[in-house]
Amino acid sequence: MSDTSATKAAKTDVVLIGAGIMSATLGALLRLVEPDWSITMIERLDGAAAESSDPWNNAGTGHSALCELNYTPQLPDGSIDITKAINVNEQFQVSRQFWAYAVEHGVLSDVRGFINPIPHVSFVHGAENVAYLRKRYDALAGNPLFRSMEFIDDADEFARRLPLMAAGRDFSEPVALNWSQDGTDVDFGALSRQLITFAAGRGMTTLFGHEVRDLTKQGDGSWSVKVLNRRTGAKRRIDARFVFVGAGGGALPLLQKAGIPEAKGFGGFPVGGQFLRTDNQALTAGHKAKVYGLPPLGAPPMSVPHLDTRVINGRSWLLFGPFAGWSPKFLKHGHVTDLPFSVKPHNLLPMLNVGLTEMGLVKYLIGQLLLSEADRVDALREFAPTAVDSDWELDIAGQRVQVIRRKGAGGVLEFGTTVLAAADGSIAGLLGASPGASTAVPAMLDVMKRCFTDRYQAWLPKLKEMVPSLGVKLSEEPKLFEEIWEHGTKVLQLDRPASGLPSSTTEPAGTEHRPTAATTA
C-alpha cells in the first residue's frame, strides 16, 4: 500500500487516524455497509499495524477470559465473580463471528495468516490457589461459553499436556490447571493488514508516513484535519464529516487537540511491555498452549505472567512475560514529551490523585525496572523450571497507555478499553489497553451505533449478517451459541492443527472437541 496523491484541501466522508486493528476494523465495516463513502486512513509510520497491533508488541491472545484469572476475582465471601469473564467472552464472540463472515465473503484472504487454534490454560500452584482454581472452574463450567473447560490437578496429566512446564518440577506442591481447548492465537498485525487491503482495494485512500498535527471543528460540523508528510515536510488539510482516532497511545493527545468535552478529565499513564522469546524447536515442541498464572502480590492486573505459544509468519515461538518497562512515550515510536504534554488543567488533579493512590503500581514498576536478564529467566522458571538463560532473548514490546478517568474530585486508574464519542457523533476515539484488540469488532460496532444514529437502523440487517448474535447474549442462548460456534470453527479452520505446529501435539490424546463435562481429578 503506497502513499496516494491528494489535493491540499481534500474532502472525505470519513478519516481514520492510525492503521492498527481498530481503524482497520472500522474501515472494513464501513466499507461493507456504505460502499460509496469516501474513506481516508492516515498513519504516521510507513507500514500498517506497526505499533500495538504488531504481533511482537502484544501477546496475541484471543482474549475470551478462558485463561485470564484477573477476570474472575475471588470475593471476600469466597465466591468467584465471573461477570467480567462473561462480558469479555461475549465481546470476543462478536469479533469471531465477524472474522468468519469476512473469510466467507473475501474480506479476509488468509485465515491461517492471522488466527490459529491454541489451548488457553490457567495455571496455579499451592493448596490455596488450587482451591481457588477449582471454585473458578465450578463457577464457569456451567455457562455455555465456558462449557469445554477442564479442571486438571493430576501431575501425570499435567506432564502429558505441558511437558516443558513439567520438566524438573517438584510435584510435591499441589498444581492445577483450567484447560480450554478452544483458545486462539491471533496475529493482529496480519489481521489489520488484510482488513486494510480489502478496504483500500475498494477505494479507501491510505496515507502512510503522514502525521495528524491538529483537529479543528468547522462551522458546518465537519472536522478540518491538518496533516504533515513526515518524509517531505509537505502539509495538507483534509475536511471530514466523521473522524475516528484509532491511534493507540496517540489517541489521547489527538482527542485533547480536538477539544471535545467528552475527553476532559481523562489522562493516561504509559507502561512499556517486554517479553522473553525463543524459537528453539526443542522448547516450542514441548509447549502448545497459552498458560496464564496469577499476578505477583500487589501487582496490577496487566502484569499477569504467561507462557505463550505464538504463531507468527507460520513459525512457532514461545513468549514469556510481560515485564514492565517505562518511558514517557505514549507510542513505541513516540516522543518523550508525550506524557508531560498530555497533562492539562482538566486532568491534572485526576493524574496527581492516581499518582498518590497507586503506590502499588509505582512499586511494581520500580521493581520491574531493576530486573536483570537473570532475574527475568528466574521468573520464567516458575513456569518452566529447566529454563536456560541462553535459550531466551528479550523482546521490547509496545507501549500501553492506561486510562486515568476523573472520579469526583480525584481520579481512578482503569485497565480496560474506553470508547469516547462526541455528543454530535462527529468524532470518536478509543483509549486503553487489554482486552483491546480482541474486542475490536464490538468496540467499532459501538462507535457506529453512537456516531451514526441516522444510519445505524438501516445498517442493522447487514450487520446481523456479519454478526448473527448482534444484540443477543450468547451466554443465555446455548443453542444459538453452539450453532454459531461450530460454523465459525469450520470457516476459521480452528478444527485443524495450528500452522507450523505438528498435528500430533496440538491436541491432547483423548480430548474431545467441546466436551460437555471434562474434569481430571
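Structure values in brief
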item	result
More than 37 Å apart - percent of Cα-Cα pairs taken over the chain	28 percent
Computed accessible area, residue 31, all protein chains, 1.4 angstrom probe, square angstrom	10 Å²
Share of carbon and sulfur in the accessible heavy-atom surface of the chain [1.4 Å probe, %]	53 percent
Dipole moment magnitude, nearest 20 debye, segment 90-174 about Cα centre, only Lys, Arg, Asp, Glu C-beta charged	220 debye
Distance from segment 218-267 to segment 119-154 (C-alpha centre basis), Å	45 Å
Heavy-atom accessible area order for 482, 128, 373, largest first, 1.4 Å probe	128, 373, 482
In degrees, nearest ten, helix 478-491 long axis to first principal axis of the chain (Cα)	80 degrees
Under 30 Å, Cα to Cα: Lys pairs in segment 241-392, sequence gap 8 or more or different chains	16
Cα long-axis angle, helix 348-357 against the chain (0 to 90 degrees, to the nearest 10)	10 degrees
Helix axis angle, 359-369 relative to the chain longest principal axis, alpha carbon, degrees	80 degrees
Exposure ranking of 179, 326 by accessible area [1.4 Å probe, largest first]	326, 179
Farthest positive-ward along the chain dipole, Cα basis, beta-carbon charges - from 93, 436, 37	37
Cβ-based net charge around residue 49, under 15 Å, with every Lys or Arg adding one and every Asp or Glu removing one	-3
Å³ per residue enclosed by the Cα convex hull of segment 195-336	181 Å³
DSSP-defined beta bridges in the chain - what % are antiparallel, rounded to 5	70 percent
Solvent exposure, largest accessible area first (probe 1.4 Å, DNA, RNA and ligands not counted), of 473, 84	473, 84
Accessible area of residue 64 in the full protein assembly, 1.4 Å probe (Å², nearest 10)	10 Å²
Length-normalised contact order of the chain in % [C-alpha pairs under 8 Å, at least 6 apart]	23 percent
Charge dipole (debye, nearest 20) of the chain; +1 at Cβ of Lys and Arg, -1 at Cβ of Asp and Glu	2060 debye
Virtual paramagnetic centre 7 Å along Cα→Cβ of residue 357, amide N under 19 Å, in segment 246-270	264-270
FRET efficiency estimate (nearest 0.05) - Cβ-Cβ, residue 423 to residue 280, R0 45 angstrom	0.25
Sites residue 167 and residue 473, calculated FRET efficiency, Cβ-Cβ separation with R0 41 Å, nearest 0.05	0.45
Expected 222 nm ellipticity per residue - DSSP helices of 4 or more, -39500 (n - 2.57), all of the chain, to 500	-9000 deg cm²/dmol
Rounded D (µm²/s) - segment 347-470, Kirkwood Rh over Cα pairs, Stokes-Einstein at 20 °C, 1.002 mPa s	116 µm²/s
Charge context of residue 260, other residues only, Cβ under 11 angstrom, K/R +1, D/E -1	+1
Nearest-10 value in Å² for the accessible area of residue 306, using the 1.4 Å probe	10 Å²
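The values are calculated or read from the model by the stated rules, or taken from the named source; none is laboratory data. The structure presented is a predicted model; accordingly, all values stated were derived computationally and were not measured. Neighbour counts are summed over all protein chains in view; Cβ atoms, including those assigned to glycine, are modelled from backbone coordinates with ideal geometry. Quick note on the areas: whole protein, heavy atoms, side chains included, nothing else; ligands and nucleic acids left out. Shrake-Rupley method; radii C 1.70, N 1.55, O 1.52, S 1.80 Å.
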